[in-house]
Structure formats: C-alpha cells, structure tokens
Amino acid sequence: MQRRILLKGCCNLSLVGLLLQLTTQTAATAEGGGDRLLWKEARLAGRVTLREQQITIGELLEKVGAECGVALEADDRIAPISGYHVTAVFRECPARELLSALASLYRMPPDRWYWERTSRRGKRTYILRCTLPPEAELVAREEFGQQFRLDQRRRRAAYYAASPEVRARMARTDPMLAAVTPRSPGFFSFIAPLTDVELRSIANGQQIDIPAERWTPEQRAFIREEFRIANLLGRPGVTQPEELTQVRLRYNGEGTVVLDLGPVGAHGVLGGIWLQKANRENDLRRWVGDGDTTDAPDLTLPAPDERGSTRPEDLVIRGETADAVLFRLARLGRLNLLFDSPPRVLGHRNTPNYGLAGPLPQVLAAMGKQDLIWKRRGKVLLFRRPDWAAARTERVLPWAVVRDLRASAAANGGYLRPQDWLRLAAFDRAQLDSLSEEFPDAGKLAYYQLLLRLYGAMSRREQTACQRPQGAGWQDWTNETRRRLEVLYPPADARRAVLLVQWDTEKKPPQARFYMGSGLTAPAIRVITFEARREPDAASTHPRRPRPER
C-alpha cells in the first residue's frame, strides 16, 4: 500500500529526474567525499576480523572504529541507515577495504553512498552518508517497469503484425517472442487497443473492465476455448462464457498486468517473468560501479584449510535463510563477504537448486539465478536482493536507539525504564515490531501508544496528577492538553476523560497501570508487567549467531 500511495501522487519521470539532480548536487557539495579518504587515513590500514551473521551498520562501524582507533559513524538524516542489518564476515581484512565495500554494497544510482571526513570536538570523524531514501529507488524501479511493459507491448504488436518469415527472424533474437504460444494472441488482443496512458493507469492501481458487448468474435471464441482448457465448459454452478458480462485488466502488485477471465482465473499479459529478468539485469548493471566487478575469484569450495573440518551436510542447503547460507559460504571459502539483510530476508526460507561445493564461479552463478545478485569489490564479495528497495522501505530504527535501550536495560537488571517506554511510544507499529524480539515491552506498548504520547507531552504537574489513584481529568489539564483531547474526543467526552498512568518500578519485574476513557473503575485499569530484554542471539527476527573459527 505504501508503494501505491507513493506512485499515485507523482509523475515518475519528473520525480526520478529531480532525485537524480538532488543526488548530483549533494555529491558535488560533499567536501572531500569519497572512498579515497579512507586510503589517506593510516589507522584504517589496520586489519579487522569479524564474524557477524546479523549486525547493524551502526554497531559494525563502532566495532571497526574501536579496533582501529578511528571514529566511524553512519548519517541517519535521510534514512536510518545505521539500523540496516548486514551479514559481515572478514578475515584479517584492512579496515579501509571493509568500509569501501560497505559503501559500495548500497551505492546504486541515483542514490550515492560515500564517506565524508569531518571534525567533531577536535576529533577526526568519518561519516557514511546516503543521498536518497530507499523509496526513491522504488520510484525509479516502477518507472523502469512502466517503460518495459510499454516496450513489451510494442514488440509483441510488431511480431503479430509481421509475416511468418519476419516472425521467425524476430523470435531468433528475442526470447520473449520465441516463447509465444498459440494462446498468446488471444490474451494480447485485450491490451492491444489500450493507450499508453491507460496501461500506466493499470499499474497505478486502476482496473479496466472490458464489457462483453465490446468483445470481437475472435475474443469470444478465445474465451470459450480458455473455459474448455480449464475443463469448465458446461460445469454446473460455474458461470459460462455466454454469461460473462465483462473481463478485467488489473495489476497484481508484482509488476504484471493480468487479464481476469472470471471462473477461469487471471493470466499475465504484460510484465511477468520477462520483467523480473529485466529488473534483475538492470539492477545489476546499475549496481556495478567503478571499482566493482562481476568476475568471480578462481577458487574452489571448500577452501583447502576448511576441507578437513567440513562435513558433507555443510555443503548442502536445506530450507535456510539467505544470511545463513552466505555466512556458511564465507567460512567454507575463507571469503570476505557482506550481505544486506533486511527483515524480510530473514523470514524467507527456501531450498535453492545449488550447493556450496565446487568451483566458486559456478556457485556464484547459481546464486545469481536465485533471489540474490552479487558483485566483487577488491577481495570482498557483496550480496543483496534484487528487490532491495521494497524490502528496505520497511521501517528500521537507528542504531543509537537500540544502543541506548540496551544500556538502559543493562543498568536496570535487564528491564527498560518508564522513560524508555515514553521514548518508544513515538515510533510506529512496524518499528516496535522490529524491536519486540529483543525488547518484549515494545510489542506491548503498541496498544497504549496514544495514552503514552499524551502523557509524555504533558508537564511534570500533569504527569503527577495522572499518577493519583483516581487519575487526572479536565481540571488538571493545561490548555494544550485539552486541545489534544478535543482532537481525539467530541468536546463533551473530552471534558469527562480520565487518564491514569502509574509506574511501579520497585517491583521485579516492574509494572505499569494504564487507563484512558471515562468512568474509571478498578476492573478497567490495565496492569502490564515489564519483560526483561532478550539477548539478540535468542531473537527469531534478527538472530545473530557468531560462531567460533575452526
């Protein structure tokens, strides 16, 4: 839904152009920006060893910076990049090469990731910056899909209009045309008369119904044949071709325009696997920049030093997440590796048709045909999903927030404090869900966000009133709080509203007592028990499983 809203309200071409212009301006004004800064810093020649299956960029930079004695940060002003999770495996790798690879992992025009040096409180600091939010990549990707579908229709129209001899020549150079079947012209006939504007509108969420009175005899015969193929002709209880009043063209949300034939179901008519393939090729072409290559190292898996300790099952993939597979690949090949791991990746398990044994170029080629794209920067292999932009629009929190919450819990016997709850109340539901595996309280307070936001904005006197056994009411509020309540309730109800917020931090575990409404009674008060923070390696959403070197 977020993507559809984004695209409906703008002209894609204009926005992409504007974003590209902003990127160029930002890059031009970045004083001394670029990877070359990393090679001027002698301390970044220090070698780093890391084995992290899941770690945020912010935490990664803190670890590398502490190892080398250099201040490293990620700039969260445009997007919360410090909270992006990566899988990072490095063996005695110069820190500057790791940092250069990290910028390259996310650098994809029009978004330019780069390093910038600044001075803070007299201390030299290196900052990783992005130039656009991931939503900009969604806009560019959607516009590419729009142009591809228009071109796809043009190519098919030219093919169907050509003589058999010309068709044969066209099919020899175009795999999409070579895959045309006898049924294909029938499906195509419903999109052939549409204007480019109409085709674009379908991808922006509009459905186009084609009534039966507008069908040609050939289309009627085609629909009847589709019913026959589906074994639906004459079946009792099934609407028959003669009873259909319309067919519908709509967008499936995954890049494909489909023709819905009622009981027969929907069939893709534009986009489909051809757009998926084109998107992958376009993504890889844009992602591989200066200093990158798609040439694979001439190595064999497992590496000689790993063969003695490798079990046969280590070379087989069985329903694992991509980060787990790549973590093992790095060990088996003794490789330096980075993989962008958005939350969606960690919930996706599959069994690809390749293993982790044999020549590394063959293994990487097989991975490139699945749900990963890869490139190499120096001695570092970089991996990401082709649908990176869609996955990265899911909300994440800056690393500093997680770091502060961990510190607060560590200083309080594992429990968050009331001020932490008030801070968390400012985040949206998706962000709270992402935190709830490590901080179970985050999932609970999602149901009390409105109350906590109101309470957090109050003066100290108002908060004290809320802590009374009877709670606080209209007479206790400032005019500002009253205005907020009148936005939430009709005026008469706002004057009867009662808010109760009580914290019992002496108990272990601590408790909170909440009420918001009118007619306060003891049974209506909700009692919430705090839960202790869970270690990240016990969390199912962001598992971090560092393993000892063999």
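The values are calculated or read from the model by the stated rules, or taken from the named source; none is laboratory data. Remember, it's a predicted structure, so these values are computed and weren't measured experimentally. Cβ atoms come from the backbone with ideal geometry, glycine included; neighbour counts cover every protein chain shown. Side chains included, ligands, DNA and RNA excluded: accessible areas come from the protein's heavy atoms. Shrake-Rupley method; radii C 1.70, N 1.55, O 1.52, S 1.80 Å.
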**OP:** Please count, across the chain, the pairs of lysine residues with Cα atoms under 19 Å apart that sit 8 or more places apart or on different chains.
**Re:** 6
Original post:
How many Å² of accessible area per residue for the range 310-446, probe 1.4 Å?
Top reply: 35 Å²
**OP:** Work through the residues other than Val48 whose Cβ is under 12 Å from its Cβ and net out their charges, Lys, Arg +1 and Asp, Glu -1.
**Re:** +2
Original post:
Where does the Debye-calculated log10 I(q)/I(0) of the range 81-136 sit at q = 0.12, 0.17, 0.23, 0.28 Å⁻¹, using only Cα point scatterers of equal weight, no solvent?
Top reply: -0.35, -0.67, -1.04, -1.21
Original post:
Convex hull volume of the Cα atoms in the range 252-379, per residue, in Å³?
Top reply: 137 Å³
Subject >> Rule-of-thumb Rg ratio for the range 106-245 [Cα; 2.2 N^0.38 Å; N residues] >> reply: 1.71
**OP:** Take the solvent-accessible surface of the protein heavy atoms, probe 1.4 Å, and return the percent of it on the range 235-306 that carbon and sulfur atoms account for.
**Re:** 47 percent
Original post:
If the label point is 7 Å along Cα→Cβ of Ala492, which residues in the range 509-529 have backbone nitrogen under 13 Å from it?
Top reply: none
Original post:
Given a 1.4 Å probe, how much area per residue of the range 136-291 is accessible, in Å²?
Top reply: 52 Å²
**OP:** Heavy atoms only, probe 1.4 Å: what % of the accessible area of the range 46-181 goes to carbon and sulfur, would you let me know?
**Re:** 49 percent
**OP:** Keeping the other protein chains in place, figure out the carbon and sulfur percent of the accessible area of the range 395-481, with a 1.4 Å probe.
**Re:** 51 percent
Subject >> Fraction of beta bridges assigned by DSSP in the range 334-489 that are antiparallel (%, nearest 5) >> reply: 55 percent
**OP:** Would you mind getting me the FRET efficiency between Ala407 and Arg124? Use the beta-carbon distance for r and R0 = 25 Å, nearest 0.05.
**Re:** 0.50
Original post:
Along the charge dipole of the range 324-457, Cβ charges K/R +1 and D/E -1, which of Gly443, Leu329, Pro398 sits furthest on the positive end?
Top reply: Leu329
Original post:
Where both partners of a DSSP beta bridge lie in the range 272-410, what percent of those bridges are antiparallel, to the nearest 5?
Top reply: 75 percent
Original post:
Using only Cα atoms, what is the ratio of the radius of gyration of the range 215-266 to 2.2 N^0.38 Å?
Top reply: 1.18
Subject >> Among beta bridges that DSSP assigns inside the chain, antiparallel share in %, nearest 5 >> reply: 85 percent
**OP:** Enter the mean projected area of the convex hull around the alpha-carbon atoms of the range 160-239, in nm², rounded to one decimal.
**Re:** 7.6 nm²
Subject >> Sites excluded, GluC sites (Glu not before Pro) in DSSP loops with at most 16 other C-beta within 10 Å, longest stretch of the chain >> reply: 32-253
Subject >> Size of electric dipole in the range 406-534: Cβ of Lys, Arg +1 and of Asp, Glu -1, about Cα centre, debye, nearest 20 >> reply: 240 debye
**OP:** Set the Förster distance to 35 Å, then compute FRET efficiency between Gln246 and Leu450 from the Cβ-Cβ distance, nearest 0.05.
**Re:** 0.20
Subject >> the chain - Kirkwood radius from inverse mean 1/r over Cα pairs (Å) >> reply: 27.7 Å
**OP:** Using only alpha carbons, build the gyration tensor for the range 309-459 and give me the equivalent ellipsoid semi-axes, biggest first, whole Å.
**Re:** 40, 16, 14
Subject >> Computed lengthening from Ala365 to Leu233, 0.36 nm per intervening residue step minus Cα-Cα distance >> reply: 43.0 nm
Subject >> Sparsely packed chymotrypsin sites (Phe, Trp or Tyr not before Pro) within the range 38-135, loop by DSSP, other Cβ within 10 Å at most 16 >> reply: none
Subject >> Cβ-placed point charges (K, R +1; D, E -1), dipole of the chain about Cα centre in debye, nearest 20 >> reply: 600 debye
Subject >> Separation of the Arg169 and Thr216 label points, Cα + 7 Å toward Cβ, nm >> reply: 2.5 nm
**OP:** For Arg224 and Ala161, calculate 0.36 nm times their separation in residues minus their Cα-Cα distance, and state this gained length in nm to one decimal.
**Re:** 20.3 nm
